[in-house]
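One structure is given here, and the rest of the page talks about it.
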Amino acid sequence: MSVPAMSVPWRVCSADACSGAAAGDGARCIAHLSDTELAASVAGPGAQIDARGVQVTGGLLRRLVQRCTDRERGGAVFGACDFSDAEFVSRVDLAGAHFDGSARFHGAMFRDRARFSGAYFAREADFSGATFDGPAAFGAARFARVRFADTTFADDAEFSAVRWRGHAQFTKARFGGEARFGRSTFSAFARFDAARFGSVSFFEVTFQRTASFRGSWFGGDARFVSARFDELARFERAEFARQARFDGSSFGGEATFAATNFGGAVSLQSVHCARTLGLRWATFEGKLGALASAVAGVDLSRAVCKQPVSLSVATPAVICDGTEFRSGANLFARWADLQLDDASFSGSSLLSGASKLSGINEEPVVDALRVPGGAIARRSIPRLVSALRADLGGVTFDDIDLERTRMSGAKNLDRVRLNGSVVLARTPRGPRAGLALPPVWWWSRRQVLGEEATWRSARRKSRGWRSPTDRSRVHALATANDAGQARRDAERIAAAYRDLRKGREELRNAPGAADLYYGEMEMRRHAAPRLSVERLLLSAYWLVSGYALRAGRALACLLVALTLAAVAFHQFGFSDLRTPFADTTAAAAASVTRSVGSPGTLPHDLHELGSAATMPEAWIYAAAAAVPGVTLPKAQLTVAGHAIAIAVHLLGPLFLGLALLSVRGRVKRS
């Protein structure tokens, strides 16, 4: 044996060049005992064996098995046995063996195939630091508590259908070949931290307690297909060099893959997680595909996805704060609140609601959303809660609720596509009253961004406005008395409206762009200083035409202007109200007199006016002055009348143009 005699903690065999432990009170190890001495040392089934540091040949192992065979129990039965630092120089066959006492193989070396299939370990089994040069077979074995810490499996390792009743520790174990744990059951803590695998299969494995793979390295394909994790599953800082498959797996507790690196494709099809599916800080070198349900949420914060991502999830929350989607992502969600703060989308992406997802059970998610009384707290359509500072270039939103979305600082909103099924917030209905000017007001019906709803919820005319979140309302209220901050917030919201409007205009979506334009102008108006010319002009633009989007306002303003002008003409605009349209020449006067007839009769043509002007005639004169291209009669006007005419010449075409522009826009949007 290669263990130096001076380094071992046992009494060494007296045979030359042997460092095995002396058996009992004798001077020699069991490898150097005669048959009679071995029979005395190993009395029969259940005997204790001390083979520390012994070189175990095939012959010696057969002698030990023969001495300990129990026909009634159907195999060799060992009591406490210690093969620490032993060297098994030939094939080991302990299939079906029973270890009623502790079994210690610490630091042992298995030079050939080792079979422990069907073996039963009633107490602690210790294979830590052992080396298996050939295939190792433990299929259908039963362990109480076992340690394979720092164990080396140079060839394939078979652990299929094993029952692990106690703590199973594989910390820093190394698997050079394929490791198979299919259909095994771990009843206690299973620890594989810092283990190194080649190809590994945990097909239909059940982990009834915590399973930890922190810092593990998977050099080949890693298959956790149909695995069941009843409690916490930990894969933090693990590394998957090739494909990782978790199809059909279920997680009864948290499933955390924080800071894990996936070098190949990742498949999470038909996965269910009873709590949070955590992928924070993970790196995906290959494609990520998932069809999953998670009762508490899916967390992709700060993850880096270098290849296309396809996620279909039923969950209350999807968190992608700071996530990088470098090749785009297709995210289909149900019931979810989406959070995309600081996320970036470098390729074409789709964020959409989904019909019922086949292949997963979303009932646990729905049950978690029920409120007392059995009602479900929200609709199945996903809600984008926040996209602060996100880069949304190339993102299409479809069948998604943007009613309470916060987008301050978001980039490339002009490249965002909002399909018709997107839900936006709307202005409050009906008249409102309060301590403001005017004391009674109402809101023009339109779609608004959640950011504007938050901003208005902290203003004086806040009645009817709902803030997207309590947190955002707290910020809005904190800055309500800060005029400078309120203007800066309005300016940011205007920029968001402007960019989203450009995106809809590029798609020739006039109805969708109109409300965004109205919102943009509203925020621009409130962003301007209160006593500035810009604020005055924008306020006038809003008042008289609703930013050229409300035809009724422009027509009403035109009618009011014409009526006021008519009254002004009638009262003090004409120099002589009895003959306001009389010409200076008698011929003209006679002509006018013949054409008009008796006083008070309405003329058939404005050029025929010549008698005392009535109010309707003054209104018609004002209307003619407002319409470009209509020739007016030569009226005798006062200085005030000339001023009124100039005002009508300017305001009439303006109001008429705004009305026509609004009508044109309305026709395009219909």
Hey, what do the phi angles of the stretch 489-494 turn into as Karplus ³J(HN,Hα) couplings, whole Hz, using 6.51/-1.76/1.60 and θ = phi - 60°, x for Gly and Pro? 4, 5, 5, 5, 5, 4
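Calculate how many DSSP beta bridges within the chain are antiparallel, expressed in % of all such bridges and rounded to the nearest 5.
Just about 5 percent of them are antiparallel.
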Given 0.36 nm per residue, what is the gain on full extension from F572 to E231 after removing their alpha carbon distance, in nm? 113.7 nm
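Only Lys, Arg, Asp and Glu count, each charged at its Cβ (+1, +1, -1, -1), so figure out the dipole size of the chain about its Cα centre, rounded to 20 debye.
Computed about the Cα centre, the dipole is about 1860 debye.
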At the level of C-alpha centres, the distance separating the stretch 164-238 and the stretch 537-556, in angstrom, is 68
Classify the stretch 111-244 as rounded, prolate or oblate from the Cα gyration tensor: take a ≥ b ≥ c as the square roots of its eigenvalues, call it rounded if a/c is under 1.5, otherwise prolate when a/b beats b/c and oblate if not. rounded
Roughly speaking, what is the centre-to-centre gap between the stretch 387-415 and the stretch 642-666 when only Cα atoms are used, to the nearest Å? 38
For the table K306/K411; K287/K502; K287/K411; K356/K502, the rows whose alpha-carbon distance is greater than 30 Å are K287/K502; K356/K502
Rounding to the nearest 10 and keeping the result within 0 to 90°, find how far the Cα-based axis of helix 510-527 lies from the longest principal axis of the chain. 80
Quick one: which residues, 5 or more positions from R174 or on another chain, have an amide H under 5 Å from its amide H? H modelled 1.01 Å from N in the peptide plane, none for Pro or chain starts. T151, T152, F153, R196
Do the sum for the chain: with -39,500 (n - 2.57) for every DSSP H run of n ≥ 4, divided by all residues, what is the mean residue ellipticity at 222 nm, to the nearest 500 deg cm²/dmol? -8000 deg cm²/dmol
Report, to the nearest 10°, how far helix 586-596 tilts away from the longest principal axis of the Cα atoms in the chain, using its own Cα long axis and a range of 0 to 90°. 60
Per 10 Å bin from zero, what fraction in whole % of the C-alpha pairs of the stretch 166-214 is there, up to the bin with the longest pair? 27, 60, 13
Once amide hydrogens are built 1.01 Å from N within the peptide plane, the residues lying 5 or more places from F78 or on another chain with amide H under 5 Å from its amide H are G46, H98, F99, D100
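With the contact rule set at Cα under 8 Å and sequence spacing of 6 or more, what percent relative contact order holds for the chain?
4
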Express in whole angstrom the spacing between the alpha-carbon centres of the stretch 85-106 and the stretch 290-311. 45
Roughly speaking, what % of Cα-Cα pairs in the chain are separated by over 50 Å, rounded to a whole number? 45
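Scan the stretch 33-113 for GluC sites (Glu not before Pro) in coil per DSSP, keeping those whose Cβ has at most 14 other Cβ atoms within 10 Å, and list them by number. Could the numbers behind the result be given before it?
Details: sites: E37, E72, E87; in loops: E72.
When the GluC sites (Glu not before Pro) of the stretch 33-113 are filtered for loop state and at most 14 Cβ neighbours within 10 Å, E72 remain.
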Under 5 Å between amide H atoms, partner at least 5 residues away or on a different chain: which partners does N330 have, H built in plane at 1.01 Å? V309, S310, L311, L350
Tell me, what is the 1.4 Å probe accessible area of I319, in Å² to the nearest 10? 60
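The values are calculated or read from the model by the stated rules, or taken from the named source; none is laboratory data. This structure is a prediction, so every number in the text was calculated from the model and none was measured. Backbone-built Cβ (ideal geometry, glycine too); neighbour counts: all protein chains shown. Areas reflect the complete protein model, heavy atoms only, side chains present, ligands, DNA and RNA absent. Shrake-Rupley method; radii C 1.70, N 1.55, O 1.52, S 1.80 Å.
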